[in-house]
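The values are calculated or read from the model by the stated rules, or taken from the named source; none is laboratory data. The shown structure was predicted, so the numbers you read here are calculated from the model rather than taken from an experiment. Here the Cβ positions follow ideal geometry from the backbone for every residue, glycine too, while neighbour counts run over all protein chains shown. Keep in mind that these areas ignore ligands, DNA and RNA; they rest on the heavy atoms of the full protein, side chains included. Shrake-Rupley method; radii C 1.70, N 1.55, O 1.52, S 1.80 Å.
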Amino acid sequence: VDHDPEEHYFTLLSGNEDRFRQFAVLDVLANNTDRKGGHCLHDLADDVVLGIDHGLTFHPMWKLRTVIWDFADEPVPESMLDDVRRVQHDTEHGALGAELATLLSPTEVAAFSLRAQELVRDGHFPAPEPGYHSVPWPLV
């Protein structure tokens, strides 16, 4: 990705809030435990913000660690909740579930589906949990 290495989540947030709300939803669903600011790149060629490094994801136990807490307790936009509903349905009844089953354990797939259900039910971005290390280190 052709990008400026001085740019990251903290420098890109202003003007890209909706894109980072998408990242936040993905991070909840995938249970991302390592969303650092430097994992958010501005692709100069396509002028889009991309997320990279999703290696610490899909653990069945809740372990969300991210720098994207700016939207905590904010309602998830309805269009994104519609996307989560579609992902949940396709995980439980469609091709996405079959594909995930080739990559993840049954427990991990079930936890993924449960996170989708809970996000839709609650309808809000999660907030950092008191007493839990909710941000990765280093931040960038």
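When 97, 55, 15 are checked against the criterion of being modelled with pLDDT under 95 and either open to solvent by less than 70 Å² (accessible area, probe 1.4 Å) or in a helix (DSSP H, G or I) (or both), a single residue qualifies: 55. Among the residues making up region 115-137, those that are aliphatic (A, V, I, L, M) and touching a Lys or Arg at 6+ places or on another chain (Cβ under 9 Å) are 116, 120, 135. The set of residues in region 45-60 being under 15 Å from residue 30 (Cα atoms), in contact with a helix residue (DSSP H, G or I) (Cβ under 8 Å, 6 or more places away or on another chain) and aliphatic (A, V, I, L, M) consists of 52 alone. Among residues of region 25-42 being touching a residue at least 60 places away in the same chain (Cβ under 8 Å) and either open to solvent by 50 Å² or more (accessible area, probe 1.4 Å) or assigned to a loop (DSSP other than H, G, I, E, B) (or both), the one that is nearest to residue 108 (Cα to Cα) is 31. Among residues of region 9-24 that are over 18 Å from residue 80 (Cβ atoms), those with a beta-carbon under 9 Å from a residue that is of a type in the set (Val, Ile, Thr) and open to solvent by 80 Å² or more (accessible area, probe 1.4 Å) at least six positions away or on a different chain give the pairs 9/140; 10/140. Go through the residues of region 67-74 one by one and say whether even a single one is closer than 18 Å to residue 32 by Cβ and either small (Gly, Ala, Ser) or open to solvent by 80 Å² or more (accessible area, probe 1.4 Å) (or both). Checked region 67-74: at least one residue is closer than 18 Å to residue 32 by Cβ and either small (Gly, Ala, Ser) or open to solvent by 80 Å² or more (accessible area, probe 1.4 Å) (or both).
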